[in-house]
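Trainee: Below you'll find the structure I mean.
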Amino acid sequence: MSRRASSKNETDTSDLDVRKATILQAVVVEHIDTAQPVGSTAVAASADLDVSPATVRSEMVTLEREGYLAQPHTSAGRVPTDKGYRYFVDHLKSGVLGEAQQVQISDFFKSVRGEVEGVLEQTSIMLSQLTNYTSVVVGPSHSHSSILSVQLVNLDSRHHLLVTVFSDGSVTKHSVLPTIEASHVEVTEASRQLNALLIGTTLDSRVQVPSRDDHVAILVRESVSVLHAQKPTTDGEQVFIGGSSRVAEAFDGVETVRKVLSILEQELLVVSLVQDILDQGLSVAIGSEHGFEPLSSCAVIVAPVTIDGEPAGAVGLLGPTRMKYREAMAAARVVSEHLTNHFANEEDHA
(Lines give C-alpha, C1' and ligand atoms only; values in the text may rest on other atoms or scores of the structure.)
Protein backbone atom coordinates (compact mmCIF):
# COMPACT_ATOMS: atom_id res chain seq x y z
CA MET A 1 0.00 0.00 0.00
CA SER A 2 1.40 3.34 -1.01
CA ARG A 3 1.55 5.80 1.87
CA ARG A 4 3.33 9.12 1.92
CA ALA A 5 3.41 12.05 4.29
CA SER A 6 1.82 15.17 2.90
CA SER A 7 2.20 18.73 4.09
CA LYS A 8 -0.04 21.70 4.25
CA ASN A 9 2.70 23.60 2.41
CA GLU A 10 2.04 21.45 -0.65
CA THR A 11 -1.35 23.11 -1.05
CA ASP A 12 -1.46 25.67 -3.85
CA THR A 13 -2.78 28.94 -2.46
CA SER A 14 -2.19 31.18 -5.47
CA ASP A 15 -5.11 33.36 -6.48
CA LEU A 16 -6.80 33.27 -9.85
CA ASP A 17 -8.26 36.38 -11.38
CA VAL A 18 -11.96 36.93 -10.77
CA ARG A 19 -13.15 35.52 -14.10
CA LYS A 20 -11.10 32.34 -13.92
CA ALA A 21 -12.10 31.83 -10.28
CA THR A 22 -15.78 32.29 -11.16
CA ILE A 23 -15.50 29.82 -14.04
CA LEU A 24 -13.69 27.28 -11.89
CA GLN A 25 -16.35 27.59 -9.19
CA ALA A 26 -19.10 27.10 -11.77
CA VAL A 27 -17.42 23.96 -13.09
CA VAL A 28 -16.96 22.52 -9.60
CA VAL A 29 -20.56 23.23 -8.54
CA GLU A 30 -21.99 21.81 -11.79
CA HIS A 31 -19.81 18.69 -11.65
CA ILE A 32 -20.74 18.04 -8.01
CA ASP A 33 -24.42 18.21 -8.96
CA THR A 34 -24.27 16.15 -12.16
CA ALA A 35 -21.10 14.00 -11.95
CA GLN A 36 -20.65 14.80 -15.65
CA PRO A 37 -17.97 16.80 -17.51
CA VAL A 38 -18.99 20.45 -17.75
CA GLY A 39 -18.99 22.36 -21.04
CA SER A 40 -18.40 26.04 -21.69
CA THR A 41 -22.01 26.66 -22.71
CA ALA A 42 -23.30 25.40 -19.34
CA VAL A 43 -20.75 27.53 -17.50
CA ALA A 44 -21.58 30.66 -19.51
CA ALA A 45 -25.26 30.15 -18.70
CA SER A 46 -24.79 29.46 -14.98
CA ALA A 47 -21.90 31.69 -13.99
CA ASP A 48 -22.36 35.36 -13.25
CA LEU A 49 -20.28 36.41 -16.27
CA ASP A 50 -21.14 38.65 -19.17
CA VAL A 51 -18.99 36.77 -21.67
CA SER A 52 -19.57 34.35 -24.54
CA PRO A 53 -19.15 30.57 -24.39
CA ALA A 54 -16.08 30.99 -26.63
CA THR A 55 -14.41 33.22 -24.03
CA VAL A 56 -15.34 30.76 -21.28
CA ARG A 57 -13.88 27.93 -23.37
CA SER A 58 -10.61 29.82 -23.74
CA GLU A 59 -10.40 30.43 -20.01
CA MET A 60 -11.19 26.75 -19.32
CA VAL A 61 -8.28 25.77 -21.57
CA THR A 62 -6.04 28.01 -19.49
CA LEU A 63 -7.37 26.51 -16.25
CA GLU A 64 -6.66 23.07 -17.67
CA ARG A 65 -3.13 24.06 -18.60
CA GLU A 66 -2.60 25.39 -15.05
CA GLY A 67 -3.81 22.11 -13.53
CA TYR A 68 -7.20 23.16 -12.15
CA LEU A 69 -9.31 21.31 -14.72
CA ALA A 70 -8.96 18.13 -16.75
CA GLN A 71 -10.65 16.92 -19.94
CA PRO A 72 -11.57 13.22 -19.73
CA HIS A 73 -12.20 12.98 -23.49
CA THR A 74 -11.35 15.25 -26.38
CA SER A 75 -14.98 15.98 -27.19
CA ALA A 76 -16.11 16.19 -23.57
CA GLY A 77 -16.31 19.10 -21.17
CA ARG A 78 -14.00 19.44 -18.23
CA VAL A 79 -13.90 18.18 -14.65
CA PRO A 80 -12.09 19.62 -11.63
CA THR A 81 -8.75 18.15 -10.59
CA ASP A 82 -7.67 17.79 -6.96
CA LYS A 83 -5.98 21.19 -7.36
CA GLY A 84 -9.25 22.64 -8.64
CA TYR A 85 -11.20 21.25 -5.71
CA ARG A 86 -8.52 22.53 -3.32
CA TYR A 87 -8.84 26.07 -4.69
CA PHE A 88 -12.63 25.80 -4.45
CA VAL A 89 -12.51 24.61 -0.81
CA ASP A 90 -9.88 27.16 0.24
CA HIS A 91 -12.04 29.99 -1.11
CA LEU A 92 -15.33 28.55 0.08
CA LYS A 93 -17.34 30.64 2.50
CA SER A 94 -18.32 28.80 5.67
CA GLY A 95 -21.55 26.90 5.15
CA VAL A 96 -24.53 26.95 7.49
CA LEU A 97 -26.72 23.93 8.07
CA GLY A 98 -30.39 24.17 7.31
CA GLU A 99 -32.75 24.65 10.24
CA ALA A 100 -34.12 21.11 9.95
CA GLN A 101 -30.62 19.62 10.11
CA GLN A 102 -29.67 21.79 13.09
CA VAL A 103 -32.83 20.65 14.92
CA GLN A 104 -32.08 17.01 14.04
CA ILE A 105 -28.58 17.26 15.54
CA SER A 106 -29.75 19.17 18.61
CA ASP A 107 -32.56 16.70 19.31
CA PHE A 108 -30.16 13.79 18.90
CA PHE A 109 -27.71 15.07 21.51
CA LYS A 110 -30.53 15.99 23.90
CA SER A 111 -31.78 12.41 23.87
CA VAL A 112 -28.63 10.29 23.44
CA ARG A 113 -27.61 8.45 26.59
CA GLY A 114 -25.44 5.56 27.66
CA GLU A 115 -21.78 4.62 27.69
CA VAL A 116 -19.40 6.61 25.53
CA GLU A 117 -18.99 3.77 23.02
CA GLY A 118 -22.74 3.70 22.38
CA VAL A 119 -22.88 7.49 22.01
CA LEU A 120 -20.04 7.45 19.47
CA GLU A 121 -21.63 4.65 17.47
CA GLN A 122 -25.03 6.36 17.40
CA THR A 123 -23.34 9.65 16.41
CA SER A 124 -21.65 7.98 13.44
CA ILE A 125 -24.98 6.60 12.25
CA MET A 126 -26.74 9.93 12.69
CA LEU A 127 -24.03 11.88 10.83
CA SER A 128 -24.09 9.47 7.90
CA GLN A 129 -27.87 9.70 7.66
CA LEU A 130 -27.66 13.48 7.86
CA THR A 131 -25.14 13.87 5.02
CA ASN A 132 -25.49 10.68 2.93
CA TYR A 133 -21.72 10.15 3.22
CA THR A 134 -19.72 7.59 5.16
CA SER A 135 -18.96 8.98 8.61
CA VAL A 136 -16.00 8.37 10.90
CA VAL A 137 -16.17 9.15 14.61
CA VAL A 138 -12.96 8.73 16.61
CA GLY A 139 -13.55 8.74 20.34
CA PRO A 140 -11.33 9.78 23.23
CA SER A 141 -8.54 7.57 24.45
CA HIS A 142 -9.30 6.55 28.03
CA SER A 143 -5.60 5.84 28.52
CA HIS A 144 -5.30 9.48 29.67
CA SER A 145 -8.62 9.60 31.54
CA SER A 146 -8.73 9.12 35.28
CA ILE A 147 -10.40 6.10 36.85
CA LEU A 148 -13.65 6.87 38.68
CA SER A 149 -14.46 3.41 40.02
CA VAL A 150 -13.40 -0.23 39.83
CA GLN A 151 -15.52 -3.26 40.61
CA LEU A 152 -14.40 -6.87 40.70
CA VAL A 153 -17.41 -9.13 40.16
CA ASN A 154 -17.22 -12.76 41.32
CA LEU A 155 -18.44 -15.02 38.52
CA ASP A 156 -16.94 -18.16 40.01
CA SER A 157 -13.90 -19.04 42.14
CA ARG A 158 -11.50 -18.77 39.17
CA HIS A 159 -13.26 -16.26 36.95
CA HIS A 160 -13.97 -12.64 37.83
CA LEU A 161 -15.11 -9.61 35.83
CA LEU A 162 -13.21 -6.33 36.25
CA VAL A 163 -15.46 -3.33 35.47
CA THR A 164 -13.69 0.05 35.25
CA VAL A 165 -15.36 3.43 34.79
CA PHE A 166 -13.27 6.33 33.42
CA SER A 167 -13.77 10.09 33.68
CA ASP A 168 -14.48 10.39 29.94
CA GLY A 169 -17.59 8.24 30.44
CA SER A 170 -16.13 5.05 29.00
CA VAL A 171 -16.55 1.70 30.71
CA THR A 172 -14.28 -1.31 30.20
CA LYS A 173 -14.90 -4.92 31.15
CA HIS A 174 -12.11 -7.48 31.40
CA SER A 175 -11.96 -11.07 32.57
CA VAL A 176 -9.61 -11.84 35.42
CA LEU A 177 -8.58 -15.49 35.65
CA PRO A 178 -6.48 -15.67 38.83
CA THR A 179 -3.93 -18.33 39.66
CA ILE A 180 -5.75 -19.06 42.92
CA GLU A 181 -9.33 -19.86 43.95
CA ALA A 182 -10.91 -16.89 45.70
CA SER A 183 -14.02 -16.73 47.86
CA HIS A 184 -16.78 -14.16 47.48
CA VAL A 185 -15.53 -12.37 50.60
CA GLU A 186 -11.98 -12.20 49.23
CA VAL A 187 -13.21 -10.83 45.89
CA THR A 188 -15.23 -8.15 47.69
CA GLU A 189 -12.20 -7.09 49.73
CA ALA A 190 -10.00 -7.08 46.61
CA SER A 191 -12.56 -4.84 44.90
CA ARG A 192 -12.43 -2.42 47.86
CA GLN A 193 -8.63 -2.31 47.75
CA LEU A 194 -8.60 -1.82 43.97
CA ASN A 195 -10.78 1.28 44.36
CA ALA A 196 -8.47 2.67 47.04
CA LEU A 197 -5.46 1.98 44.82
CA LEU A 198 -6.74 3.06 41.40
CA ILE A 199 -9.33 5.84 41.75
CA GLY A 200 -7.86 9.07 40.38
CA THR A 201 -5.08 7.30 38.48
CA THR A 202 -4.82 6.68 34.72
CA LEU A 203 -3.66 3.70 32.71
CA ASP A 204 -0.35 5.55 32.38
CA SER A 205 0.08 5.83 36.15
CA ARG A 206 2.45 3.60 38.07
CA VAL A 207 0.74 2.15 41.12
CA GLN A 208 2.25 0.31 44.08
CA VAL A 209 0.53 -3.07 44.26
CA PRO A 210 0.69 -5.18 47.44
CA SER A 211 3.49 -7.74 47.55
CA ARG A 212 1.83 -10.06 50.08
CA ASP A 213 1.02 -13.67 49.14
CA ASP A 214 -2.55 -13.83 50.48
CA HIS A 215 -5.45 -14.34 48.07
CA VAL A 216 -6.67 -10.73 48.24
CA ALA A 217 -3.24 -9.32 47.39
CA ILE A 218 -2.87 -11.79 44.51
CA LEU A 219 -6.29 -10.77 43.15
CA VAL A 220 -5.35 -7.08 43.35
CA ARG A 221 -2.02 -7.59 41.57
CA GLU A 222 -3.48 -9.73 38.81
CA SER A 223 -6.43 -7.35 38.30
CA VAL A 224 -4.11 -4.33 37.95
CA SER A 225 -1.96 -6.33 35.53
CA VAL A 226 -4.99 -7.21 33.40
CA LEU A 227 -6.23 -3.62 33.38
CA HIS A 228 -2.87 -2.08 32.40
CA ALA A 229 -2.26 -4.78 29.79
CA GLN A 230 -5.34 -3.59 27.92
CA LYS A 231 -3.70 -0.33 26.78
CA PRO A 232 -3.38 -0.88 22.99
CA THR A 233 -0.64 0.44 20.77
CA THR A 234 -3.16 2.69 19.04
CA ASP A 235 -3.29 4.68 22.34
CA GLY A 236 -6.84 3.48 22.98
CA GLU A 237 -8.75 5.46 20.37
CA GLN A 238 -12.14 4.04 19.50
CA VAL A 239 -13.37 4.43 15.95
CA PHE A 240 -16.89 3.98 14.64
CA ILE A 241 -17.83 3.96 10.95
CA GLY A 242 -21.34 4.96 9.93
CA GLY A 243 -22.85 4.27 6.54
CA SER A 244 -20.15 2.07 4.99
CA SER A 245 -22.76 0.93 2.48
CA ARG A 246 -22.86 4.47 1.05
CA VAL A 247 -19.41 3.85 -0.47
CA ALA A 248 -21.05 1.73 -3.18
CA GLU A 249 -23.44 4.59 -3.98
CA ALA A 250 -20.74 7.29 -4.02
CA PHE A 251 -18.18 5.65 -6.33
CA ASP A 252 -18.62 4.22 -9.81
CA GLY A 253 -15.70 1.80 -10.11
CA VAL A 254 -15.96 -1.59 -8.40
CA GLU A 255 -12.22 -1.56 -7.68
CA THR A 256 -12.47 1.87 -6.05
CA VAL A 257 -15.32 0.67 -3.84
CA ARG A 258 -13.29 -2.39 -2.85
CA LYS A 259 -10.23 -0.30 -1.92
CA VAL A 260 -12.24 2.19 0.14
CA LEU A 261 -14.11 -0.55 2.03
CA SER A 262 -10.79 -2.33 2.66
CA ILE A 263 -9.40 0.82 4.33
CA LEU A 264 -12.54 1.32 6.42
CA GLU A 265 -12.19 -2.22 7.79
CA GLN A 266 -8.77 -1.35 9.25
CA GLU A 267 -9.45 0.77 12.34
CA LEU A 268 -5.81 1.65 12.98
CA LEU A 269 -5.47 3.06 9.45
CA VAL A 270 -8.67 5.08 9.83
CA VAL A 271 -7.44 6.61 13.10
CA SER A 272 -4.05 7.32 11.51
CA LEU A 273 -5.71 8.94 8.49
CA VAL A 274 -7.84 11.27 10.60
CA GLN A 275 -4.96 12.16 12.91
CA ASP A 276 -2.59 12.89 10.00
CA ILE A 277 -5.11 15.30 8.48
CA LEU A 278 -5.59 17.10 11.81
CA ASP A 279 -1.82 17.24 12.34
CA GLN A 280 -1.46 19.01 8.99
CA GLY A 281 -3.84 21.70 10.19
CA LEU A 282 -6.37 20.78 7.51
CA SER A 283 -10.12 20.34 7.79
CA VAL A 284 -10.36 18.84 4.30
CA ALA A 285 -7.94 16.48 2.53
CA ILE A 286 -8.62 15.98 -1.16
CA GLY A 287 -7.41 13.12 -3.31
CA SER A 288 -3.73 12.37 -2.79
CA GLU A 289 -3.33 15.09 -0.11
CA HIS A 290 -4.04 12.64 2.70
CA GLY A 291 -1.33 10.28 1.47
CA PHE A 292 -3.44 7.10 1.35
CA GLU A 293 -3.14 5.93 -2.27
CA PRO A 294 -6.23 3.66 -2.10
CA LEU A 295 -8.28 6.76 -1.19
CA SER A 296 -6.90 8.93 -3.99
CA SER A 297 -10.40 9.39 -5.43
CA CYS A 298 -11.80 10.45 -2.04
CA ALA A 299 -12.11 13.59 -0.01
CA VAL A 300 -11.99 13.40 3.78
CA ILE A 301 -13.45 16.12 6.01
CA VAL A 302 -12.48 16.21 9.69
CA ALA A 303 -13.38 18.33 12.70
CA PRO A 304 -11.68 17.88 16.10
CA VAL A 305 -13.42 16.95 19.34
CA THR A 306 -11.91 18.24 22.58
CA ILE A 307 -12.25 17.68 26.32
CA ASP A 308 -11.09 20.56 28.52
CA GLY A 309 -9.34 22.05 25.50
CA GLU A 310 -7.35 18.88 24.83
CA PRO A 311 -7.77 16.72 21.68
CA ALA A 312 -10.19 13.89 22.36
CA GLY A 313 -11.05 12.46 18.98
CA ALA A 314 -12.62 13.74 15.81
CA VAL A 315 -15.63 13.66 13.55
CA GLY A 316 -15.08 12.94 9.88
CA LEU A 317 -16.84 12.36 6.58
CA LEU A 318 -15.54 10.40 3.61
CA GLY A 319 -16.88 10.72 0.10
CA PRO A 320 -15.86 11.24 -3.51
CA THR A 321 -13.79 14.31 -4.39
CA ARG A 322 -16.97 15.78 -5.87
CA MET A 323 -18.72 15.76 -2.49
CA LYS A 324 -20.86 18.69 -1.37
CA TYR A 325 -18.13 20.41 0.62
CA ARG A 326 -20.07 23.33 2.05
CA GLU A 327 -22.82 21.17 3.57
CA ALA A 328 -20.49 18.36 4.65
CA MET A 329 -17.99 20.71 6.33
CA ALA A 330 -20.80 22.46 8.21
CA ALA A 331 -22.29 19.14 9.36
CA ALA A 332 -18.94 17.81 10.61
CA ARG A 333 -18.22 21.07 12.43
CA VAL A 334 -21.62 21.25 14.16
CA VAL A 335 -21.59 17.57 15.19
CA SER A 336 -18.04 17.89 16.58
CA GLU A 337 -19.12 20.93 18.62
CA HIS A 338 -22.11 19.05 20.03
CA LEU A 339 -19.96 16.01 20.82
CA THR A 340 -17.43 18.26 22.59
CA ASN A 341 -20.24 19.78 24.67
CA HIS A 342 -21.64 16.33 25.40
CA PHE A 343 -18.33 15.11 26.80
CA ALA A 344 -17.94 18.34 28.80
CA ASN A 345 -21.39 17.82 30.37
CA GLU A 346 -20.59 14.18 31.15
CA GLU A 347 -17.41 15.30 32.94
CA ASP A 348 -19.37 17.90 34.94
CA HIS A 349 -21.82 15.23 36.09
CA ALA A 350 -19.12 12.68 36.85
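The values are calculated or read from the model by the stated rules, or taken from the named source; none is laboratory data. Since the structure is predicted, the reported quantities are computational estimates derived from the model, not experimental observations. Don't worry about glycine lacking a Cβ; one is built from the backbone with ideal geometry, like all the others, and counts go over all protein chains shown.
Trainee: Of all residues in the range 1-58, how many are under 30 Å from residue 273 (Cα atoms), at pLDDT below 90 and β-branched (Val, Ile, Thr)?
Mentor: 2
Trainee: Also: For the range 196-228, which residues satisfy the criterion of being among the hydroxyl-bearing types (Ser, Thr, Tyr) and more than 14 Å from residue 176 (Cβ to Cβ)?
Mentor: Selection gives 201, 202, 205, 211.
Trainee: Please find, among 257, 270, the residue that is closer than 15 Å to residue 317 by Cα, out of contact with any Asp or Glu (no Cβ under 9 Å at 6 or more places or on another chain) and assigned to a helix (DSSP H, G or I).
Mentor: None of the other options fit; the residue is 270.
Trainee: For the range 118-189, which fully contained strands (runs of 3 or more DSSP E) count at least 3 residues that are more than 27 Å from residue 268 (Cα to Cα) and either in contact with a helix residue (DSSP H, G or I) (Cβ under 6 Å, 6 or more places away or on another chain) or at pLDDT below 90 (or both)?
Mentor: In the range 118-189, 147-156 are the strands (runs of 3 or more DSSP E) which contain 3 or more residues that are more than 27 Å from residue 268 (Cα to Cα) and either in contact with a helix residue (DSSP H, G or I) (Cβ under 6 Å, 6 or more places away or on another chain) or at pLDDT below 90 (or both).
Trainee: I would also like to ask the following. Return the residue satisfying two criteria in turn: it lies in the range 70-111 and is small (Gly, Ala, Ser) and surrounded by 18 or more Cβ atoms within 10 Å (Cβ to Cβ), and of such residues it is nearest to residue 21 (Cα to Cα).
Mentor: 84
Trainee: With touching a His at 6+ places or on another chain (Cβ under 9 Å), among the acidic types (Asp, Glu) and farther than 23 Å from residue 29 by Cβ as the only criterion, which of 308, 276 stands out?
Mentor: After applying the criteria, what remains is 276.
Trainee: Give the range 99-117 a look and list any residue that's more than 30 Å from residue 226 (Cβ to Cβ) and modelled with pLDDT under 90, or say none.
Mentor: Listed by number, the list holds a single entry, 112.
Trainee: Residue 43 passes all but one of (1) more than 25 Å from residue 332 (Cα to Cα); (2) of a type outside the set (Phe, Trp, Tyr); (3) assigned by TED's automatic domain parsing to the domain that holds residue 284; which number fails?
Mentor: Residue 43 satisfies all of (1) more than 25 Å from residue 332 (Cα to Cα); (2) of a type outside the set (Phe, Trp, Tyr); (3) assigned by TED's automatic domain parsing to the domain that holds residue 284 except (3).
Trainee: Which condition from (1) part of a helix (DSSP H, G or I); (2) under 29 Å from residue 341 (Cα atoms); (3) modelled with pLDDT of 90 or more is the one that residue 244 breaks?
Mentor: Just one mismatch for residue 244, condition (1).
Trainee: Go through (1) farther than 27 Å from residue 298 by Cβ; (2) more than 20 Å from the chain's Cα centre (by Cα); (3) of a type in the set (Gly, Ala, Ser) and name the single condition residue 106 misses.
Mentor: (2)
Trainee: Name the residue that is farthest from residue 149 (Cα to Cα), counting only residues in the range 190-230 that are hydroxyl-bearing (Ser, Thr, Tyr) and part of a helix (DSSP H, G or I).
Mentor: Within the range 190-230, the match that is farthest from residue 149 (Cα to Cα) is 225.
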